[in-house]
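Since every read-out is calculated from the coordinates, none of them should be taken as a lab result. Everything numeric in this text was worked out from a predicted model, so none of it was measured. Cβ sites come from the backbone with ideal geometry, for glycine too, and all protein chains shown count toward neighbours.
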Amino acid sequence: MDEDTIAFIMTDRLTHQNLQSNPHAAYLFMEEEEKKFKGKRLYLTKIREEKDSPLLDSMRRKAYPNLKGKEYLVYFRVDRIIPLIGAGPES
């Protein structure tokens, strides 16, 4: 969304349900490069969500006609980004 905000599309499953009582989340982004892994760990705080919004539909890569349940576009503030391996810089 911008440098300090990220959004994920979620259905009403366990991860989304957990965010209702605890707005903090961690996300691991990892990719393989030349037989090594690189990536980042993102520490996030939920700031808001939209249910079945037009923006959600426009962001989806594919249509999932058989998807059951409501979908949410969940926005997070990026609190901290650290390397995949190691503690990263002191905060």
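Placing dummy labels 7 Å off each Cα toward the beta-carbon, the span from residue 2 to residue 30 is 3.2 nm.
Subtracting the Cα-Cα distance of residue 22 and residue 40 from their residue separation scaled by 0.36 nm leaves 4.3 nm.
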